[in-house]
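Take a look at the structure set out below.
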Amino acid sequence: MTRPVHQPIQFDPEDAVLGSPSSWPARIPALWIVDAVRHGDRAERLAPGILDAGEQRRAESFAASADRRCYVAAHVALRILLGARLGIEPRDVRMVREPCPSCGGPHGRPATDGGVHFSLSHSRDLSLLAFAAVPLGVDVEAVPGSEAAAEVGAMLHPAESRELTALPASDRPVAFARAWTRKEAYLKGEGIGLARDLSLDHLGTGPVPRPGPAGWTVADVLVPAGYAAAVAVRAAGQPPVADGHRRK
């Protein structure tokens with residue numbers, strides 16, 4: 001069975017260009033990877049003319065310079081890519097939060113005008129951005145240590161927990177990271193994030209993702225060694241998930 005993997009484009013703030021929204025196939029995500037070590041300094045120089053006041057305050061709130069650099073690089077990239085997609089200046093991109101499907105609160109999927117759906121995730125110095133014409137979610141994570149993988153792995157779907165237990169101890173962190181990123185990408189796409197019980201959805205720990213929940217396609221994303229990443233894309237017209245999605 002072929003492993004579905006998407007190859008992201010390396011983002012460079014000097015030459016990032018996207019086509020018009022109509023050029024994007026509805027269910028094929030455009031993926032970009034941002035390396036804060038390579039491009040963080042350039043992003044910080046661009047930030048005052050690109051980020052809004054809230055983003056600048058958020059950047060300044062980070063105590064660690066590496067965390068600030070990663071945040072700035074990711075959000076500068078997001079605004080540049082959205083601006084190119086929407087045909088407006090990066091600083092003019094207006095971002096809001098959709099209502100949460102579970103409670104109706106203002107903390108659902110991030111959104112913007114123009115029919116472009118997007119998702120952003122970062123871990124350490126790496127950020128992953130995804131764009132499509134339909135709702136989607138993306139997640140990237142550094143592979144955790146054995147203790148963290150065991151502790152959180154017990155909270156996953158029962159079948160995923162069994163899969164992890166059956167593996168040699170040395171293989172469990174990578175397998176856990178695969179399952180976690182697939183799950184979080186899907187939940188971010190739904191707009192509910194980790195508010196949903198992690199044991200409800202079975203997306204698998206193996207090299208090949210299981211078929212996604214009804215109406216969703218979940219695929220791994222190729223990222224550097226030591227990381228795992230995934231993207232989830234919802235079919236057009238598919239309703240949000242119900243909280244009672246059954247375990248199998």
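The values are calculated or read from the model by the stated rules, or taken from the named source; none is laboratory data. Just so we're clear, the structure is a prediction, and the values are computed from it rather than from any experiment. Neighbour counts run over all protein chains shown; Cβ positions are idealised from the backbone, glycine included.
Selection of helices (runs of 4 or more DSSP H) fully inside segment 25-88 by the criterion of at least 2 residues being closer than 19 Å to A133 by Cβ returns 65-86. Against the list (1) acidic (D, E); (2) modelled with pLDDT of 95 or more; (3) under 17 Å from the mean Cα position of the chain (by Cα), the condition E55 fails is (3). Restricted to segment 102-151, and to residues there that are modelled with pLDDT of 95 or more and in a loop (DSSP other than H, G, I, E, B), the residue that is farthest from the chain's Cα centre (by Cα) is G145.
Scanning segment 58-95 for residues that are within 22 Å of D113 (Cβ to Cβ) and under 17 Å from the mean Cα position of the chain (by Cα) gives A74, H75, V76, A77, L78, R79, L81, L82, M95. Of the conditions (1) touching a Pro at 6+ places or on another chain (Cβ under 9 Å); (2) surrounded by 23 or more Cβ atoms within 10 Å (Cβ to Cβ); (3) hydroxyl-bearing (S, T, Y), S127 clears all except one; give me its number. Only one criterion is unmet by S127, namely (1).
Write out, first by first residue and then by second, each pair whose Cβ atoms fall under 6 Å of each other, whose residues are 6+ apart or on separate chains, and whose first residue, in segment 64-92, is acidic (D, E) while the second is part of a helix (DSSP H, G or I). Qualifying pairs under 6 Å: E89/G83. Do the conditions hold for A36, that is, is it at pLDDT 85 or above and either at positive phi or exposed (fewer than 13 other Cβ atoms within 10 Å of the Cβ) (or both)? Answer is no for this residue.
Give me the pairs: first residue in segment 151-163 and within 12 Å of A175 (Cα to Cα), second residue polar (S, T, N, Q) and in a helix (DSSP H, G or I), beta-carbon distance under 8 Å, and six or more apart or on different chains, which are they? Taking only residues 6 or more apart or on different chains, the pairs are G153/S161.
In the set A66, A43, A74, A16, only one residue is closer than 19 Å to D125 by Cβ, at pLDDT 95 or above and of a type in the set (A, V, I, L, M); that residue is A74.
In this structure, G137 does satisfy being closer than 22 Å to R234 by Cβ and surrounded by 15 or more Cβ atoms within 10 Å (Cβ to Cβ).
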